[in-house]
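The values are calculated or read from the model by the stated rules, or taken from the named source; none is laboratory data. These numbers were taken from a predicted model, which means no experiment stands behind them. FYI the Cβ positions are ideal-geometry reconstructions off the backbone, even for glycines, and counts take in every protein chain you see. All accessible areas refer to the heavy atoms of the entire protein, side chains included, with ligands and DNA or RNA removed. Shrake-Rupley method; radii C 1.70, N 1.55, O 1.52, S 1.80 Å.
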Amino acid sequence: MRILIALLTALFFHGTVGAQGLTRVMSGYAAISGPHAVLWVARDAGLFEKNGLRTEVAYIRSGSTMAQTLVSGEIQMALNTTPIVIMGTVSRMEDLKGKAIGVTRYGSNTDISARFAIRKAGLQPEKDVALIQLEDYPGIMGGILSGRIAAGALADPFTDYAKKLGYKEIADIAALGLEFPFVGIVAKKSYIKENSDITQRFVRAYTEAIALYKNNPELAMKVTSKYTGIKDPAILSSTVNFYAPKLARLPYPTIGGMRFVLEQIATRDPKAKNVNPESFMDVRFVKQLEDSGFIQSLYPKG
């Protein structure tokens, strides 16, 4: 059974060793939003090179598109809930009946989050509220502005931008209790089996980038601005302050988050009900960094 998981940061594959002795690794991210700044920080701060990797980072729109290149996930380093917020021109989720919500792509975290919020409001996705694919967050913002949709599933820094335009926050998905692996590193089983050392070095660089994001807000703001194009210092500061405490120092995946993803897949493929969530989790890479004291060394004592 092919199970597609809409996790947003992916470790794709590696090539030959480069001229400078660095192993080439191709990675990608599927949304221009705050939490992906960890991947951007790792690249811009030279943390991949520090670990012997020449990592290329590509933007691939939406988690569902990303998942099509990987199929089954093995490593997830994640926010264990989703920071998606439904924002728009109405005041309540119930007011969206007969209207439309914008998402990036079907099967993505924005789509899953929007459907979760719709059901929480006692409505039925697609029957009571239409879901429109608009590729990315800027596309969703444009859809609200044009009136094509009444609301959209957004993440920082676009939530702050939406507030400045006068749009209302209708539902905070995390506050509604959704446990979801929003951002993760994903690789195929075969890749991990054949390249465990490279995978460990990638995870080490990524984990160090989490600490750098949390410990150095000025750098986090600078990198977020570079990749999102947002220049407003207030929005950038709000974005970093929102995500920094939510990024786990020990970024283990959670069974509950993976179980929720499988439950969503089961609505289209009943076989997913019988899949063990732990079969998609490989915690040894983070555990090695924890047990060695490496992660603890990245943070000030006290």
Search the range 254-297 for residues being open to solvent by 20 Å² or more (accessible area, probe 1.4 Å), in contact with a Leu (Cβ under 8 Å, 6 or more places away or on another chain) and not charged (D, E, K, R), and hand back the single one that is modelled with the highest pLDDT. Val275
Which of the residues spanning the range 99-119 are open to solvent by 10 Å² or more (accessible area, probe 1.4 Å), hydrophobic (A, V, I, L, M, F, W, C) and assigned to a helix (DSSP H, G or I)? Ile112, Phe116
Restricting attention to the range 235-253, which residues are part of a helix (DSSP H, G or I) and at pLDDT 90 or above? Leu236, Ser237, Val240, Asn241, Ala244
Residues that are farther than 14 Å from Phe294 by Cβ and open to solvent by 20 Å² or more (accessible area, probe 1.4 Å), drawn from the range 196-211: Ser196, Asp197
With (1) assigned to a helix (DSSP H, G or I); (2) open to solvent by less than 20 Å² (accessible area, probe 1.4 Å); (3) under 24 Å from Phe180 (Cα atoms); (4) touching a residue at least 60 places away in the same chain (Cβ under 8 Å) as the list, and Val223 as the residue in question, which single condition is left unmet? (3)
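Residues that are modelled with pLDDT of 75 or more and open to solvent by 50 Å² or more (accessible area, probe 1.4 Å): list the helices (runs of 4 or more DSSP H) wholly contained in the range 14-75 that include at least 2 such residues. Reasoning before the result, please.
On the way: elements: 37-44, 47-50, 63-68.
Per the criteria, 37-44, 47-50.
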Test for Asp111: is it under 15 Å from the mean Cα position of the chain (by Cα), under 28 Å from Ala266 (Cβ atoms), modelled with pLDDT under 95 and of a type in the set (D, E, K, R): yes
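Within the range 226-253, how many residues turn out to be among the polar types (S, T, N, Q), surrounded by fewer than 17 Cβ atoms within 10 Å (Cβ to Cβ) and either closer than 23 Å to Glu290 by Cα or touching a Ser or Thr at 6+ places or on another chain (Cβ under 8 Å) (or both)? Give the derivation first.
First, the residues of the range 226-253 that are among the polar types (S, T, N, Q): 228, 237-239, 241.
Those still in the list that are surrounded by fewer than 17 Cβ atoms within 10 Å (Cβ to Cβ) too: 241.
The next check asks that each one be either closer than 23 Å to Glu290 by Cα or touching a Ser or Thr at 6+ places or on another chain (Cβ under 8 Å) (or both); those that pass are none.
Number satisfying all stated conditions: 0.
To keep it simple, each residue is scored yes or no on (1) open to solvent by less than 30 Å² (accessible area, probe 1.4 Å); (2) of a type in the set (A, V, I, L, M, F, W, C).
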position: Gln133; (1), (2): no, no
position: Gly139; (1), (2): yes, no
position: Phe158; (1), (2): yes, yes
position: Ile173; (1), (2): yes, yes
position: Leu176; (1), (2): no, yes
With respect to Gly147, determine if the residue is closer than 30 Å to Thr89 by Cα and surrounded by 16 or more Cβ atoms within 10 Å (Cβ to Cβ). no
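Listed here are the residues, each with its yes/no results for (1) touching a residue at least 60 places away in the same chain (Cβ under 8 Å); (2) not hydrophobic (A, V, I, L, M, F, W, C).
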{"position": "Ser108", "(1), (2)": "yes, yes"}
{"position": "Ala130", "(1), (2)": "no, no"}
{"position": "Gly143", "(1), (2)": "no, yes"}
{"position": "Gly152", "(1), (2)": "yes, yes"}
